[in-house]
Amino acid sequence: MVKFYHFTPKENVGEILEKGLHPGSKIGKRNTWLGVQGDPEYIYLFHYRQAEFLALAALIELNPEITSHSTALFEVSILDASKVERDYDSLLHVFLDERLSLKEQEEKIAGLADARFGLTIVDFSEKGICNAIDSLAEEQWIECAGTYRTKNNLDDVVLVRWQDLLSADKLKAVSDMDTNISQGEKIKKINELLT
């Protein structure tokens with residue numbers, strides 16, 4: 001069994017607890033993350049390390065769209081890990097901007113792939129980008145992204161509190177943190193806590 005995490009606006013909690021998680025296309029809902037539209041055929045999931053980063057961000061209110069006040073976190077148990085794939089949308093769709101020329105989009109994807117994953121992409125077709133993402137070792141994918149997706153309905157979901165993902169030491173460090181620091185300083189502090 002593999003555990004992943006999924007977060008959603010709090011207004012979805014009752015329905016998810018009753019019916020489980022389903023791709024947006026099956027229930028007539030959009031799936032967005034931080035204002036970006038995801039593929040409605042998928043449920044997006046996070047590895048524990050990425051969820052821990054998000055928990056710290058939520059608790060110090062780094063980004064209002066993922067604060068503990070507006071979103072809920074679910075722990076998802078999946079028996080068959082082969083039903084889950086890496087989130088190719090990270091490079092395929094989410095960062096594309098139709099206002100850019102094809103060359104500008106390729107440059108943007110190449111820059112993101114290099115900065116985020118240390119990848120050099122030479123084939124900018126969907127298959128080429130997927131192959132590049134698949135070339136990363138699992139540990140490197142978790143460290144750099146930690147996002148996954150599935151087309152399958154997920155019924156084994158448990159509502160958890162953001163702070164439940166963190167050790168007592170990390171919770172103390174968050175409570176002691178100066179909240180009047182810049183967003184950049186907050187990110188730096190979170191990364192220090194995770195190393």
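Annotations for the structure displayed:
- Counting only DSSP H runs of at least 4 residues, each contributing -39500 (n - 2.57), and dividing by the residue count of the chain, the helix-based mean residue ellipticity at 222 nm comes to -11500 deg cm²/dmol.
- Most fluctuating residue given options Arg161, Arg86, Arg49, as computed from a GNM of the chain linking Cα atoms under 10 Å: Arg161
- Between the C-alpha center of segment 12-29 and that of segment 107-140 there is a gap of 31 Å.
- In this simple spin-label approximation, Glu192 and Val2 carry label points 7 Å from Cα along the Cα→Cβ vector, and these lie 3.4 nm apart.
- Listed by chain and number, the aspartates and glutamates placed with their C-alpha closer than 15 angstrom to that of Lys83 are Glu41, Asp155, Asp156; residues fewer than eight positions away on the same chain are left out.
- Computed from label points 7 Å out along Cα-Cβ, the spacing between Glu143 and Lys83 is 3.1 nm.
- Reported label for calculated semi-axes √(5λ) of the Cα gyration tensor in Å given (1) 27, 23, 16; (2) 38, 18, 14; (3) 51, 30, 10: (1)
- Probe 1.4 Å, all protein chains present, accessible-area order of Thr195, Thr120, Thr150, largest first: Thr195, Thr120, Thr150
- Accessible surface of the chain, 1.4 Å probe: 51 percent of it comes from carbon and sulfur atoms.
- Calculated FRET efficiency for the pair Ser135/Lys103, C-beta based, R₀ 22 Å, to 0.05: 0.40
- Using the 1.4 Å probe convention, the accessible area of the chain works out to 56 Å² per residue with neighbouring protein chains retained.
- Pairwise FRET efficiency - Ile181 versus Glu126, Cβ, R0 = 41 Å, nearest 0.05: 0.50
- Two-site FRET efficiency, Asp114 against Asp155, from Cβ-Cβ distance with R₀ of 35 Å, rounded to 0.05: 0.35
- Cα-based Lys proximity count in segment 123-195, under 22 Å, for pairs eight or more positions apart or on separate chains: 7
The values are calculated or read from the model by the stated rules, or taken from the named source; none is laboratory data. Note that the coordinates shown come from a computational prediction; the quantities given were computed from them, not determined experimentally. All Cβ positions, glycine included, derive from the backbone under ideal geometry; neighbour counts span all protein chains shown. With ligands, DNA and RNA removed, areas are computed over all heavy atoms of the protein, side chains included. Shrake-Rupley method; radii C 1.70, N 1.55, O 1.52, S 1.80 Å.
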